[in-house]
Amino acid sequence: MSLLNAPYILPTRRNHALEHATIHILGARFPNRSIAGHSNPTGFFIVGNLPTEHVREAASEALSRLQNGERHLAIHPGCGTNYLVYGALAGFLALLGMVGTRNSRERLERFPLLVLLSALGFLIGQPLGPALQKRVTTEPNPGQTRIVDVQRISATLHRVITHDDE
């Protein structure tokens, strides 16, 4: 068994894909609203000032569309995976740019190089973030995942509870 298919990990990856698909659908319906999410093995949260019924409908539609093979919905440009990749690469390359410096003057002289290396890390991360989502952090095949409930936690927070029957 692959680590990505281990208990707790596979349901989280499926919920992450479902969260992204739900956010895609909500984003199309509410184009000027800020919407975010967070997934775990038992479902996901949707953050945004949204009516509960719209969250419920979007989650159901998202699940149906993933079940029908719309895998592209599992990848989202606003995913934290992207930001993690951008930041890690930019930071790592900037750190490499500091190798061999012995004092603050040398470090300051390298500042333009650090900016360039950080930008390079961000550019390299552009295709790597979605690739990491596709291969690691999401699973677009929902398997036997079903939506159990959608609960309004506050004016700007909903909890979508799922269950994976596999």
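The values are calculated or read from the model by the stated rules, or taken from the named source; none is laboratory data. Please read all numbers here as calculations on a predicted model, not as lab measurements. All Cβ positions, glycine included, derive from the backbone under ideal geometry; neighbour counts span all protein chains shown.
The figures follow:
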{"read-out": "Any hit, the stretch 107-125, residues being among the aliphatic types (A, V, I, L, M) and within 25 Å of L66 (Cα to Cα)", "value": "no"}
{"read-out": "Count of the stretch 123-144 residues which are at pLDDT 95 or above and touching a Leu at 6+ places or on another chain (Cβ under 7 Å)", "value": "4"}
{"read-out": "Odd one out for R102 among (1) under 27 Å from S34 (Cα atoms); (2) part of a loop (DSSP other than H, G, I, E, B)", "value": "(1)"}
{"read-out": "Options G78, G97: the member that is touching a helix residue (DSSP H, G or I) at 6+ places or on another chain (Cβ under 6 Å) and either under 30 Å from I46 (Cβ atoms) or of a type outside the set (A, V, I, L, M, F, W, C) (or both)", "value": "G97"}
{"read-out": "Criterion (under 19 Å from the mean Cα position of the chain (by Cα) and not in a helix (DSSP H, G or I)) met by exactly one of T81, T162", "value": "T162"}
{"read-out": "Every residue from the stretch 113-152 that is among the β-branched types (V, I, T) and over 22 Å from C79 (Cα atoms)", "value": "V115, V148"}
{"read-out": "Selection from the stretch 1-50 of residues that are aromatic (F, W, Y) and either within 14 Å of T138 (Cβ to Cβ) or surrounded by 14 or more Cβ atoms within 10 Å (Cβ to Cβ) (or both)", "value": "F30, F44, F45"}
{"read-out": "The listed residue being modelled with pLDDT of 95 or more, over 29 Å from I161 (Cβ atoms) and in a helix (DSSP H, G or I), out of L108, L89", "value": "L89"}
{"read-out": "Count of residues meeting criterion [of a type in the set (A, V, I, L, M, F, W, C) and under 13 Å from Y83 (Cα atoms)] in the stretch 94-130", "value": "4"}
{"read-out": "Among (1) within 17 Å of the chain's Cα centre (by Cα); (2) closer than 24 Å to S34 by Cβ; (3) of a type outside the set (A, V, I, L, M) - the single one K134 does not satisfy", "value": "(2)"}
{"read-out": "Candidates L89, L4, L84, L50, filtered to the one that is within 17 Å of Q133 (Cβ to Cβ), touching a residue at least 60 places away in the same chain (Cβ under 8 Å) and among the aliphatic types (A, V, I, L, M)", "value": "L4"}
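Condition check ((1) among the charged types (D, E, K, R); (2) assigned to a strand (DSSP E or B); (3) out of contact with any strand residue (DSSP E or B) (no Cβ under 7 Å at 6 or more places or on another chain); (4) loosely packed, with under 13 Cβ neighbours inside 10 Å) across all residues:
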residue: R56; (1), (2), (3), (4): yes, no, no, no
residue: E61; (1), (2), (3), (4): yes, no, yes, no
residue: G69; (1), (2), (3), (4): no, no, yes, yes
residue: Q151; (1), (2), (3), (4): no, yes, no, no
